[in-house]
Amino acid sequence: MAKLQKSQRALLSVHMLRIVLELFTSTFLVSYILEQSPDNILGTGLINIGLFYISWNAVYGILDLVASYLVDKSNRAALLRFGIVFNMLLMVALVFWGEQISHWIVLAGAICGMSDAFYYSSYLIMKNELSFKGSFKKYNVSSTVGVNLVKVVVPVIMGYIIDISTFSTIAIYVILVAVAQFGLSFLIEPSKPKNSRFELKKFINYLKEDKFSWNKIKYTYLNSAIAGIKTCYKTVVIVLTIYIFKTNLSLGIFTSIFSLFTMLVLIAYRKTDKNPKVNKFAIYMIVGFLPVAALIAMLIHTNNVTLVIMNFTLTIANYFSDYLGSVERDTIIKNLNQYDFVAEHQFVTEIVQIAGRIVTYSFFVVVGLFANFTALKIFLCVIIASNPIKFLVMYKQRLIRKELIARNKKIELHEVDENNHIEVQLETASDAPKTSDNYL
């Protein structure tokens, strides 16, 4: 497996620090928003969370289109830094006005959306452009291990610091992380392909006209739509944890323990990935139905134990889904030999996922209007029912990837045979006696 180059290592380091910032935003900022309504977490708390994420994803979706065109015409790393700067602005605002966040909750979400649009429109492209065939797998493996380690260590540290100090204190530490991320971004040297263009209309026309490609890639977009629903799993667990445990420390400890265990399970799975004797379909379905079983147990008897089990199964499902989904998402367009449409494919995938998030978090607002635990349980049933469907779709994606790889190998072998045949003919012709007929 090829070694990572300097720019790849820098990009990987920047992304690891991004995960730290996202853990803060998606976990402890959410819990902080809920704590602003301690007597009405399932009412005002859920409504604020819903508005926060709707604003976040609406701005993300709109700006992602703009940023995708800008990435094509400007320095990719420069736009990545814009995303980092917007994150810094949010952290600074939280230090000074964090206690009044309920009054500017929509603006907070919008700033997160601006940060994501500039960061991910650049990151997803550079990850593909800097990772050639020999190092793409190495980068994905390194990224998965790094992300998992961050998710093991950081939550418990953040939870502990928040419990013994203040939210503003941890926000200051996070600003320092963002500064380090900003500095490391200058080590990235983007590798923009020649004649690179962002042609969304052309890509959509290609999908309409090429039925073979559409029938293969549509499962990636379906998976992304369901992934938009899956995004709220963590948020629901945070709501339940704060509602029952009343502390950020418990949230951090459980997140870290489950992340560590899941990371070990994921490593074991990767070792069996190429073993034909292992039933991959069974593994996909087990992970898909685990949260459903945990939900049934929690509906029968809601207590600390069933909540912990629910958190555990959702953590496993999230880790497997993120790993398997990212592999299929990044490889499908290349396996279809459409290297010119990488940026367009990433954009469409993101937009579909964003749409799923907006719809899902709109239901947060609806559930918050009812302000009771029964409404939240009904909502849980709906979103967790999508998990087995998602893993079934991902298994279909896996089969498609295997099919396309085999197809491409056949095409390559056919081309080699044709070239060899032509070479043999040329050699035969050159060895033939030079009669007058040979010069006619």
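Side notes on the structure shown:
- Kyte-Doolittle at least 1.0, axis length at least 24 Å by Cα - qualifying DSSP helices, the chain: 46-73, 76-97, 167-184, 248-272, 280-300, 342-370
- The stretch 252-325 and the stretch 79-98: distance between their alpha carbon centers, rounded to Å: 33
- The distance between label points at ASN337 and PHE370 comes to 5.2 nm (points 7 Å beyond Cα on the Cα→Cβ vector).
- Selection from HIS301, ALA108, TRP56 lying farthest towards where the dipole of the chain points positive, charges on Cβ: HIS301
- Hydrodynamic radius by Kirkwood, which averages 1/r over all alpha carbon pairs of the stretch 45-133, in angstrom: 13.7
- Residue (of VAL14, PHE373, PRO388) at the positive-pole extreme of the chain, dipole from beta-carbon charges: PRO388
- About its Cα centre, the dipole of the stretch 53-210 is roughly 680 debye, where the only charges are +1 on Lys and Arg Cβ and -1 on Asp and Glu Cβ.
- Short-range pairs are left out: with C-alpha atoms under 8 Å and at least six residues apart, the relative contact order of the stretch 1-147 is 38 percent.
- Only one residue of VAL359, ILE157, LEU404 has its Cα farthest out toward the positive end of the dipole of the chain, where Lys and Arg carry +1 and Asp and Glu -1 on Cβ, and that residue is LEU404.
- Were the residues from ALA282 through SER362 laid out at 0.36 nm apart, the gain over their Cα-Cα distance would be 25.4 nm.
- Shape call, the chain: gyration tensor on alpha carbons, a/c limit 1.5: prolate
- Cα-only Debye scattering, the stretch 270-348: base-10 log of I(q)/I(0) at q = 0.17, 0.24, 0.27 Å⁻¹: -0.81, -1.05, -1.16
- Shape class of the stretch 6-72 from the alpha-carbon gyration tensor: oblate, with a/c at 1.5 or above and b/c at least as large as a/b.
- Multiplying the residue separation of SER142 and ASP39 by 0.36 nm and subtracting their alpha-carbon distance yields 32.7 nm.
- Within the accessible surface of the chain, defined with a 1.4 Å probe on protein heavy atoms only, the carbon and sulfur portion equals 66 percent.
- Computed about the Cα centre, the dipole magnitude for the chain is approximately 660 debye when only Lys and Arg (+1) and Asp and Glu (-1) carry charge, each at its Cβ.
- In this structure the chain gives 46 Å² per residue of accessible area when probed at 1.4 Å with all protein chains present.
- By the helix-only formula, in which each DSSP H run with n ≥ 4 contributes -39500 (n - 2.57) and the sum is divided by residues, the chain has a 222 nm mean residue ellipticity of -28500 deg cm²/dmol.
- For LYS202, net neighbour charge (Lys/Arg +1, Asp/Glu -1) across residues whose Cβ lies under 14 Å away: -3
- About the Cα centre, charge dipole magnitude for the stretch 227-318 (Lys/Arg +1, Asp/Glu -1 at Cβ), debye: 300
- Of the residues ASP116, ASP273, ranked by 1.4 Å probe accessible area with the largest first, the sequence reads ASP273, ASP116.
- The heavy atoms of TRP97 present about 140 square angstrom of accessible area, all protein chains included, probe 1.4 Å.
- Centre separation in Å (Cα based) which lies between the stretch 140-189 and the stretch 327-366: 26
The values are calculated or read from the model by the stated rules, or taken from the named source; none is laboratory data. In this text, all values refer to a predicted model and were calculated from it rather than measured experimentally. Glycine gets a Cβ as well: all are built from the backbone with ideal geometry, and neighbour counts include every protein chain shown. Side chains are part of the model used for accessible areas, which takes the heavy atoms of the whole protein and leaves out ligands, DNA and RNA. Shrake-Rupley method; radii C 1.70, N 1.55, O 1.52, S 1.80 Å.
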